[in-house]
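S.K.: Structure incoming, see below.
The values are calculated or read from the model by the stated rules, or taken from the named source; none is laboratory data. Since this is a predicted model, take the numbers as computed values, not measurements. Cβ coordinates were reconstructed from backbone atoms using ideal geometry, including for glycine residues, and neighbour counts include every protein chain displayed.
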Amino acid sequence: MDKTASKLHQYTLGVVAHLLLLLAWYLSVHVGDVPKYILPSPVDTFRALGVADYGWWAATLVTGAEIFGGYALALAVGVVLALLFTWSKSFESLMLPLLVTLNMIPKVAIGPLIIVWFSYGVLTNTMMAFSIAVFPILLTTARGLREIEPDLLDLVRSLRGSRWQLFTKIQLPGALPYVFAGMKVAAILAVAGAIVGEFLGSDKGLGYLMLQVQVTLDTPAMFMAVILITLLGVLLYGLVLGLERWLVPKDARVS
């Protein structure tokens, strides 16, 4: 009962913090008499959601597809590469320095190249989200796989366990805390990657919509787009947290 009360108290504080932010936003606009084109009130911002011409639903679906698609690809590629690193030290020595170098390239700088290679559209922005999100998953997963006790791995090998059995029965369960640590960081980066892609070159999505309404100084619509992008990120992060709580014991989680 104490744990339930503690959780409820924690969630209540989180809700209160958001409500206080909304109140501060509302008061700063009305008390300070700030023009709408500089800082719209929460009422004006949410009223923009009712304007059908913006196509909020379609834009949100496009951006969501880019974020979740890039994130899923980053998760798959990151885990597979980390596994290959544990299987072959030579492969790790060959590829890891190259991947570090590639990760140091600012993604905004390679954005125009990605547009040239893949043209405009959802695929381009998905690749941007992937390119930013894959590295933290790769690094944390590789570390987690290395943390497995060597004696345990030798025991499974002595029992003629295959590499796949070694991975699914021993390595992956033991590395899950580290995998989820990277997944939580990548969830934030995937949102940024998709929006950067839409800013650089796109004809749909919430980032593209923000650029369109910026021309007319429709600040309420810009704020509403930011809120929807944030909600997509919160949804992705919440799904990751839910999976972590389901699959990883509390005392084994990496904060």
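S.K.: Which one is modelled with the highest pLDDT, of the residues in region 191-213 that are surrounded by fewer than 21 Cβ atoms within 10 Å (Cβ to Cβ) and among the charged types (D, E, K, R)?
M.R.: Going residue by residue through region 191-213, those that are surrounded by fewer than 21 Cβ atoms within 10 Å (Cβ to Cβ) are 192, 196, 199-201, 203-204, 211-213.
Restricting the remaining residues to those that are among the charged types (D, E, K, R) gives 203-204.
Details: 203: 82, 204: 87.
Ranking the candidates gives 204 first.
S.K.: Looking only at residues in region 94-126 that are of a type in the set (Ser, Thr, Tyr) and assigned to a helix (DSSP H, G or I), which one is farthest from residue 207 (Cα to Cα)?
M.R.: Start the filter on region 94-126 by keeping residues that are of a type in the set (Ser, Thr, Tyr), which leaves 101, 119-120, 124, 126.
Now restrict to residues that are assigned to a helix (DSSP H, G or I): 101, 124, 126.
Working: 101: 28, 124: 13, 126: 13 Å.
It comes out as 101.
S.K.: Out of region 226-251, which residues are surrounded by fewer than 13 Cβ atoms within 10 Å (Cβ to Cβ) and among the small types (Gly, Ala, Ser)?
M.R.: If the condition is that a residue be surrounded by fewer than 13 Cβ atoms within 10 Å (Cβ to Cβ) and among the small types (Gly, Ala, Ser), then 238, 242 are the ones that fit.
S.K.: Looking at 187, 142, 133, which is the one that is over 13 Å from the mean Cα position of the chain (by Cα), at pLDDT 85 or above and either farther than 30 Å from residue 63 by Cα or assigned to a helix (DSSP H, G or I) (or both)?
M.R.: Details: 187 fails: over 13 Å from the mean Cα position of the chain (by Cα); 133 fails: over 13 Å from the mean Cα position of the chain (by Cα).
One residue alone meets the criteria, 142.
S.K.: If I filter region 43-61 for residues that are exposed (fewer than 14 other Cβ atoms within 10 Å of the Cβ), closer than 30 Å to residue 163 by Cα and modelled with pLDDT of 90 or more, do I get at least one hit?
M.R.: No: zero hits.
S.K.: Next question. Consider residue 70 carefully, then state whether it is in contact with a Leu (Cβ under 6 Å, 6 or more places away or on another chain) and assigned to a helix (DSSP H, G or I).
M.R.: No, not satisfied.
S.K.: Among all residue pairs at least 6 apart or on different chains, which show Cβ distances below 8 Å where the first residue, located in region 102-114, is hydrophobic (A, V, I, L, M, F, W, C) and the second is in a helix (DSSP H, G or I)?
M.R.: Sorted first by the residue in region 102-114, then by its partner, the pairs are 108/196; 108/200; 110/131; 114/124; 114/127; 114/128; 114/131; 114/197.
S.K.: For region 184-215, which positions are of a type in the set (A, V, I, L, M), out of contact with any Pro (no Cβ under 8 Å at 6 or more places or on another chain) and touching a residue at least 40 places away in the same chain (Cβ under 8 Å)?
M.R.: 187, 188, 190, 191, 192, 194, 195, 196, 206, 209, 213
S.K.: While we're on this one: Taking into account only those residues within region 77-107 that are of a type in the set (Val, Ile, Thr) and out of contact with any helix residue (DSSP H, G or I) (no Cβ under 6 Å at 6 or more places or on another chain), which is surrounded by the fewest Cβ atoms within 10 Å (Cβ to Cβ)?
M.R.: Filtering first and then ranking leaves 101.
Residue-by-condition table, conditions (1) outside any helix (DSSP H, G or I); (2) over 25 Å from residue 127 (Cα atoms); (3) not polar (S, T, N, Q):
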site	(1), (2), (3)
199	no, no, yes
203	yes, no, yes
212	no, no, no
222	no, no, yes
231	no, no, yes
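S.K.: Just checking, does region 161-184 include any residue being basic (Lys, Arg), outside any loop (DSSP other than H, G, I, E, B) and modelled with pLDDT under 90?
M.R.: Yes; the residues of region 161-184 include at least one that is basic (Lys, Arg), outside any loop (DSSP other than H, G, I, E, B) and modelled with pLDDT under 90.
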